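Here is the structure we will look at.
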Protein chains: 2
Amino acid sequence: MFSAIQSRYKRFQISKSPQLNLVWGFFLYTLMGFLLLSIPLFHRTDVAFLDNLFISTSAISTTGLVTISIFDSYNFFGQFIIMILIQLGGIGYMTLTTYYLLFTTKRITRWHQKIIGAEFTMPATIQIKDFIKSVVYFTLVMEFLGTISFYIAFHQEGITGLKGMWFSLFHSVSSFCTAGSSLFNDSFESFSENTLINWTISILAIAGSLGFIVITDVWYRIRGKSKAITFTSKIIIYGFIILLGIGSLLFYFTEPLVKASEHRLMEAFFQSMTSMTTVGFNTVPIGSLSLPLLLLTIFLMYIGASPSGTAGGMKITTLTAMVAILKSRLLGQKKITFLKRTIPLERLFVATSTFILYTSMIFLFSFLLSFTEESSFDKILFEVASALGTVGLSTGITADLSEVGKSLIILLMFLGRVGVLTFGFALLMRMKKQDLKLKSEDLAV
Amino acid sequence: MFSAIQSRYKRFQISKSPQLNLVWGFFLYTLMGFLLLSIPLFHRTDVAFLDNLFISTSAISTTGLVTISIFDSYNFFGQFIIMILIQLGGIGYMTLTTYYLLFTTKRITRWHQKIIGAEFTMPATIQIKDFIKSVVYFTLVMEFLGTISFYIAFHQEGITGLKGMWFSLFHSVSSFCTAGSSLFNDSFESFSENTLINWTISILAIAGSLGFIVITDVWYRIRGKSKAITFTSKIIIYGFIILLGIGSLLFYFTEPLVKASEHRLMEAFFQSMTSMTTVGFNTVPIGSLSLPLLLLTIFLMYIGASPSGTAGGMKITTLTAMVAILKSRLLGQKKITFLKRTIPLERLFVATSTFILYTSMIFLFSFLLSFTEESSFDKILFEVASALGTVGLSTGITADLSEVGKSLIILLMFLGRVGVLTFGFALLMRMKKQDLKLKSEDLAV
Ligand SMILES: [K+]
Ligand SMILES: [K+]
């Protein structure tokens, strides 16, 4: 299995247009998933053409938006196919982003090792095979532990036996891959008071969304194997904690729905966590949120989390680069710095391009959907931010979308997953001999 | 009069913190206007404290949003004060932006003159006094011609005599300064079929919003006094025409309100023109626009027009810089280019900073207003984009805003006018000896 993936990566490395390869790969997986899900043998009820395509894209892209109920529409085998699609999408994305991060920071790493010692904890000599192995093991171990934890929790809730085991496995995979697809029709709204379920989802989703590099980085640091975590990991972790904290506090103090709950803190935390990790499960009904908190959720989905994990969104690193540009210009600094480190010019342009493109896409698609849908603008904007960020939260308009609307959301989920990565690779491939200046500290975006 | 302004500019030039000077200046004018408008002698009816402050800020900032009817609330003298505030705000902004443009491109101009001949049509030796004189003459001549044109048009509509003269003068000043304040309670909705009124407003607003430099640039070119217009002017004019064209076409073909009209083309053109020049008069009821076209209007208000005139918004030059970054990165160019010219790094960072700040402000204030207002998100976003862009169009929620809401909009109008300029100056002052590389073509942002 590993050698197959390895040879694929080798081909990927030497191919002239890896980004085209990538688009094709994701497209073929989506098509395969769609064809499998179209087989009536896997259905409980009739499922329309466009809905099968929607569910397949939603699973592969680990978004989790649904136009129909997964549990009511597909039998066990259909659900199993969906889980496999999620797993493929999740591992695929995790390995690709990790690879991207390693590849783009390689030169900097070498320089670090030579000049100031290995601050970047991933050995530069790491083999592609070893690294894929590590990512896959990491995924399987986390999902295994998650399944056990879910099983205990579901047992408490009266979901036992084979059903309990199946539900535990499905939601563990869906959580770690930040896919947000659920076998419950109201996501986790019925379990908002179950502490174990809340923690299980949160830990899996945070681990999955921060990604292999950040987690191992922290792990090495904790076990004393490295002196400090890398600049990129530091930015991601700090940014994640700060945004998660602000989000939770705002939900805790200002959302009427959360304020009325007995599990106020847990709901506030979960709602921020689910938006940022882009896992997309929810314990409060999104359609009933007040406007300000709906906007906050859009903002958190828009940012997302780490560039090294399974999360979508514009990424914390891009946000950091934007803050750095603004701060440095206002202070009249000659170079763009953050936390006393200079960010290389090349990175800044990649970040700026990502910011412009990501923001324009959200507004372009909201504009297009405003022609085809009857919904209010806040609901449309929410749906678009959720699809492009591969989050999967919804105010409830997904099932009622027009056919054109559904098609636009399918396109957005695909772009949210493949586009962002392809765009990164495309920019990267062009870098070639460009000036990643020696004295700069690299920030992956 | 000129020497007074001249000495003010000299003090401005030598002052250590011109941007603070600027904020204070605008603040004092607003305060003065507010105090004058608070005198009951100038009222027809009682006007609340906050409404006087709102109207004063709206006039000085040439926004034109109103919480109360200007005609019903203030008598002739009150209205006259408002016109003077508009004129001060308009000329003040026009001279400051022109000065900024001349100042920031001076070095490039000198270089041009030495190396490739004077492509930039403003003589580098131009005197501050001469330049202010030119701007003021330009303004007065345009407003005089506008008044005559308005008088003929209003005469057709049965508004004659002293009232006709007063209304002509007021709306001519308000049009050229892109202030959008009107003595009619429904702006120009009653005159949507009057061709002369539509043309008069459009020509005045386009001249005012493009600004002195762009207009003279084109004028010199037409009269054969220069071989080509500057890169900056070219970008502004092309961008303006392209966006105006796209906007008009979309309104013409997709807005039900416009499609039902007998003056379809004129309404489509006027609606795009009023958003981009940020004059803010309207001939169709904004509150009745369909969602897609409301969003389009928000986009056009967000962009605005030229950095050298009285218009607000993020400016076409900033948009161009963003497009240039995206295009150049995607094509893998080493330098950021547009129309085969390299844009200096410093400019790119100013543009990026403007883009980030302007976009964040719109979302921050929309978020804040979503807490204090009952309106739907599209209406709130529209109001915020209109206030920050100093446009003055509204879906009709202005009068119903809460006191906190009104205060936030006052702050936004002030920031939209002063903040943008101050921010530009602040960045500029920091530039000092930074690398405006010789081979780069400068694009003012
Ligand atoms: K998701
Ligand atoms: K205006």
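Length gain on complete extension for the stretch residue A:225 to residue A:49, per 0.36 nm per residue less the alpha carbon to alpha carbon distance?
Between residue A:225 and residue A:49, full extension yields an extra 58.1 nm.
Please compute the average number of Cβ atoms from other chains found within 10 Å of each residue's Cβ in peptide B:358-366.
2
Average partner chain C-beta neighbours within 10 Å, per residue of B:290-303?
Other-chain Cβ atoms within 10 Å of each residue's Cβ, averaged: 3.
Step through the residues of region A:359-364 one at a time and calculate ³J(HN,Hα) from phi using the Karplus curve (6.51 cos²θ - 1.76 cosθ + 1.60, θ = phi - 60°), rounding each to whole Hz and writing x for Gly and Pro.
5, 4, 4, 4, 6, 4
Under a 5 Å amide H to amide H cut-off, with H placed in plane at 1.01 Å, what residues pair with residue A:342 once short-range neighbours are removed?
The answer is A:441.
List, in order, the whole-Hz ³J(HN,Hα) value for each residue of region A:400-415 obtained from phi through the Karplus relation with A = 6.51, B = -1.76, C = 1.60 and θ = phi - 60°; use x for Gly and Pro.
8, 4, 5, 4, 5, x, 4, 5, 5, 5, 4, 4, 5, 5, 5, 5
Run the simple label-point estimate for residue B:137 and residue B:21 please: 7 Å along Cα→C-beta, distance reported in nm.
2.5 nm
Residue A:238 to residue A:404: FRET efficiency via 1/(1 + (r/R0)^6), r the Cβ-Cβ distance, R0 45 Å, to the nearest 0.05?
0.60
Could I get the Rg over Rh figure for region B:18-431? Both from C-alpha atoms, Rh via Kirkwood, rounded to two places.
0.96
Would you mind listing the distances between the residue A:28 label point and the same position in each other copy? Use 7 Å along Cα-to-C-beta, nm, one decimal, shortest first.
7.3
Report the FRET efficiency, 1/(1 + (r/R0)^6), for residue B:195 and residue A:374, where r is their Cβ-Cβ distance and R0 is 35 Å, rounded to 0.05.
0.45
Each residue of region A:84-96 in order: what ³J(HN,Hα) in whole Hz does its phi give by Karplus 6.51 cos²θ - 1.76 cosθ + 1.60, θ = phi - 60°, with x for Gly and Pro?
Residue by residue, region A:84-96 yields 5, 4, 4, 5, 4, x, x, 5, x, 5, 4, 5, 5 Hz.
Under a point spin-label approximation (7 Å from Cα along Cα-to-Cβ), what is the residue B:253-residue A:264 distance to one decimal in nm?
Here the modelled spin labels are 5.4 nm apart.
Hey, what did region A:17-431 get for relative contact order, percent, Cα under 8 Å, at least 6 apart?
20 percent
Label position 7 Å from Cα toward Cβ: report the copy-to-copy distances for residue A:332 in nm, one decimal, ordered from shortest.
In ascending order, 4.1 nm.
Sorted from shortest, what are the nm distances separating the label point of residue A:77 from equivalent points in the other copies, each placed 7 Å from Cα along Cα to C-beta?
Spelled out, the distances from residue A:77's label point are 9.0 nm.
What is the mean number of Cβ atoms from other protein chains located within 10 Å of the Cβ atom of each residue in peptide A:345-356, rounded to a whole number?
On the way: counts 3, 2, 0, 5, 8, 1, 1, 12, 7, 2, 7, 9.
So the per-residue partner count for this stretch is 5.
Please list, ordered by chain and number, the residues whose modelled amide H lies under 5 Å from the amide H of residue A:74; skip anything fewer than 5 residues away on the same chain.
Sorted by chain and number, the residues that satisfy this are A:44.
Between residue B:71 and residue B:157, what is the label-to-label distance in nm when each label sits 7 Å out along the Cα-to-Cβ direction?
Rounded to a tenth, the inter-label distance reads 0.8 nm.
What is the packing order of peptides A:393-403, B:152-162, taking the mean over residues of other C-beta atoms within 10 Å and listing the highest first?
A:393-403, B:152-162
Check residue B:305: other-chain or 5+ apart residues with amide H under 5 Å from its amide H, H built from backbone geometry?
Amide H neighbours of residue B:305: B:312, B:315, B:316.
We did not get these values from a lab; they are worked out from the coordinates using the rules stated. Please read these numbers as outputs of a predicted model, since none were measured by experiment. For neighbour counting, all protein chains shown are included, and Cβ atoms are generated from backbone atoms with ideal geometry for every residue, glycine included.
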